[in-house]
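Participant: Mind looking over this structure? Questions follow.
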Amino acid sequence: MEAQRKAMVAVVQAYGVTDERVLAAMGTVRRHRYIPEGHRGHDAYGDHPCPIGHGQTISQPFIVAYMTQRIEVTPGMKVLEIGTGSGYQAAVLAELGAAVFSIERIPELAAHATAILMDEGYSGVKVKSGDGYKGWPEHAPFDAIVVTCAPAEIPEALKRQLKDGGRMVLPVGAGVQQLVILEKSGDTFTEIPDILVRFVPMVPGGAGEGGGFESN
Ligand code: SAH
């Protein structure tokens, strides 16, 4: 698996990810472990998304690395992730030293991600099942927010939960989406359009709301 991981990092690098720390984190996190049993027939280290059940996917390695690079994670940074999915992106952020808070609307995926993150030693990552559109006000403000499902527009609650000087990286739109980097400075938001991407849609309403699942 280590050789496969090295090959994956080489591909991500060839596609233009230059941040050495991000590349090292991608070389460390055991991606195959985040794919639930029953979906492990796929090549976990190929540069493509893989199914993780419930109609969802673990993102392509290049996209994970690219978005992580755009967030410019430094140790101790507080990062909110919307769309925990397999837990892989959260693990990469944690490997870079971020304090990670991640929200997933499907309770079974939130439970799976929590279990595997614990098992892989990232017990500091907080995962909850709920509606990402609401963010996580109890832990706001965040230095950075990464959204791994695509809303039609940038959710207002997430903008409010961004720290002054913080940035959000997210895909916006339907079908083929545009990655947007949003920077907050005082009351001013600057939107920087980036590459075209394809994520699953950000679904309104949390399936796990109320009696939902919360870890840590
Ligand atoms: N970051 C993930 C990839 C997630 S795929 C990984 O590394 O594996 C996108 C995830 O967003 C799916 O699991 C989907 O259930 C979740 N999602 C969609 N709409 C959401 C919402 N409103 N709130 C929270 N999560 C949502």
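Participant: Considering only the stretch 157-171, state which residues are surrounded by fewer than 18 Cβ atoms within 10 Å (Cβ to Cβ) and outside any strand (DSSP E or B).
Facilitator: Result: Ala157, Lys159, Arg160.
Participant: Ile58 fails exactly one of the following numbered conditions: (1) closer than 23 Å to Asp164 by Cα; (2) of a type in the set (Val, Ile, Thr); (3) within 13 Å of the ligand (Cβ to nearest atom). What is the number of that condition?
Facilitator: Every condition holds for Ile58 apart from (1).
Participant: Is it the case that some residue within the stretch 123-136 is touching a Leu at 6+ places or on another chain (Cβ under 6 Å), of a type outside the set (Lys, Arg) and not in a loop (DSSP other than H, G, I, E, B)?
Facilitator: No; the residues of the stretch 123-136 include none that is touching a Leu at 6+ places or on another chain (Cβ under 6 Å), of a type outside the set (Lys, Arg) and not in a loop (DSSP other than H, G, I, E, B).
Participant: Counting only residues that are over 24 Å from Met202 (Cα atoms), surrounded by 15 or more Cβ atoms within 10 Å (Cβ to Cβ) and in contact with a Gly (Cβ under 8 Å, 6 or more places away or on another chain), how many does the stretch 23-77 have?
Facilitator: 1
Participant: So which of Ile145, Ile154 is within 27 Å of Gln60 (Cβ to Cβ) and either part of a strand (DSSP E or B) or at pLDDT below 95 (or both)? Walk me through how you get there before you give the answer.
Facilitator: Details: Ile154 fails: either part of a strand (DSSP E or B) or at pLDDT below 95 (or both).
That would be Ile145, the only listed residue that is within 27 Å of Gln60 (Cβ to Cβ) and either part of a strand (DSSP E or B) or at pLDDT below 95 (or both).
Participant: Still on this model: In a helix (DSSP H, G or I) and either charged (D, E, K, R) or touching a residue at least 12 places away in the same chain (Cβ under 8 Å) (or both): which single residue out of Leu80, Leu93 fits that description?
Facilitator: Of the residues listed, the single one that is in a helix (DSSP H, G or I) and either charged (D, E, K, R) or touching a residue at least 12 places away in the same chain (Cβ under 8 Å) (or both) is Leu93.
Participant: Is it true that some residue in the stretch 108-115 is surrounded by fewer than 24 Cβ atoms within 10 Å (Cβ to Cβ) and hydroxyl-bearing (Ser, Thr, Tyr)?
Facilitator: no
Participant: I'd like the residue in the stretch 96-111 that is out of contact with any Gly (no Cβ under 7 Å at 6 or more places or on another chain) and either among the small types (Gly, Ala, Ser) or within 18 Å of Gln60 (Cα to Cα) (or both) and, out of all such residues, is nearest to the ligand (Cβ to nearest atom).
Facilitator: Ser102
Participant: Just checking, does the stretch 117-133 include any residue being under 21 Å from Pro51 (Cα atoms), under 15 Å from the mean Cα position of the chain (by Cα) and of a type in the set (Phe, Trp, Tyr)?
Facilitator: no
Participant: Just the residues that are surrounded by fewer than 18 Cβ atoms within 10 Å (Cβ to Cβ) and of a type in the set (Gly, Ala, Ser), please, taken from the stretch 78-97. Steps first, answer last, please.
Facilitator: Here is the first cut: in the stretch 78-97, the ones surrounded by fewer than 18 Cβ atoms within 10 Å (Cβ to Cβ) are 78, 97.
Listed by number, the list holds a single entry, Gly97.
The values are calculated or read from the model by the stated rules, or taken from the named source; none is laboratory data. In this text, all values refer to a predicted model and were calculated from it rather than measured experimentally. Cβ atoms come from the backbone with ideal geometry, glycine included; neighbour counts cover every protein chain shown.
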